[in-house]
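The values are calculated or read from the model by the stated rules, or taken from the named source; none is laboratory data. Note that the structure is predicted; figures quoted are calculated from it, not measured. Don't worry about glycine lacking a Cβ; one is built from the backbone with ideal geometry, like all the others, and counts go over all protein chains shown. For the accessible areas, the whole protein counts, side chains as well, though only heavy atoms, and no ligand, DNA or RNA atoms are used. Shrake-Rupley method; radii C 1.70, N 1.55, O 1.52, S 1.80 Å.
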Amino acid sequence: QVQLVESGGGLVQAGGSLKLSCAASGIIFSINVMGWYRQAPGKQRELVANIGSGGSTNYADSVKGRFTISRDNAKNTVYMRMNSLKPEDTDGYYCNVKSGWASYWGQGTQVTVAS
């Protein structure tokens, strides 16, 4: 059974930092892309950042220079360090893992940035 366990969300003041983690288990085939998406109520889920198996990264323009995504392939874990957080970063953050043709989602972790 595939499981993505997320952690690290919470409440932080503007300008603060948080680090999200997502550990994947039960995936039989090689993991290709790991990433983070975010979604506000009533809005479409959007890509925040992702990282390929070789370490190539992709960031949304709104987080470039503030967020850093990384992964530990031995642990099937993806991280995202979020610095200089802004109130507009407030959202539910969802881990996504792609393996072959499959795409798996975590349950989401809330990030709230107070002004």
Point to revise | Residues (basic (Lys, Arg) and either open to solvent by less than 10 Å² (accessible area, probe 1.4 Å) or part of a strand (DSSP E or B) (or both)) located in segment 66-91 | key: Arg71, Arg81
Exercise for review: Please determine, by comparing only the residues of segment 52-65 that are of a type in the set (Gly, Ala, Ser) and in a loop (DSSP other than H, G, I, E, B), which one is surrounded by the fewest Cβ atoms within 10 Å (Cβ to Cβ).
Suggested key: Gly54
Practice item. Just give me the residues in segment 92-101 being over 10 Å from the mean Cα position of the chain (by Cα), open to solvent by 20 Å² or more (accessible area, probe 1.4 Å) and in contact (Cβ under 8 Å) with a residue 24 or more places away in the chain, in sequence order. Key: Lys98, Gly100
Practice item. Could you pull out the residue among Ala24, Ala49 that is assigned to a strand (DSSP E or B) and touching a helix residue (DSSP H, G or I) at 6+ places or on another chain (Cβ under 7 Å)? Key: Ala49
Check your understanding: Does segment 83-98 contain at least one residue that is in contact with a Lys or Arg (Cβ under 8 Å, 6 or more places away or on another chain), more than 18 Å from Ala114 (Cα to Cα) and at pLDDT below 95?
Key -> no
Review point. Name the residues in segment 102-115 that are open to solvent by 50 Å² or more (accessible area, probe 1.4 Å) and either among the aromatic types (Phe, Trp, Tyr) or in contact with a helix residue (DSSP H, G or I) (Cβ under 6 Å, 6 or more places away or on another chain) (or both), would you?
Key: Tyr104, Trp105, Ser115
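Inspect all residues belonging to segment 7-15 and state whether any of them is open to solvent by 80 Å² or more (accessible area, probe 1.4 Å) and either within 17 Å of Gly108 (Cβ to Cβ) or aliphatic (A, V, I, L, M) (or both). Give the derivation first.
Going through segment 7-15, the residues open to solvent by 80 Å² or more (accessible area, probe 1.4 Å) turn out to be 11, 13.
This time we only want the ones that are either within 17 Å of Gly108 (Cβ to Cβ) or aliphatic (A, V, I, L, M) (or both), so: 11.
Yes, the conditions are met somewhere in segment 7-15.
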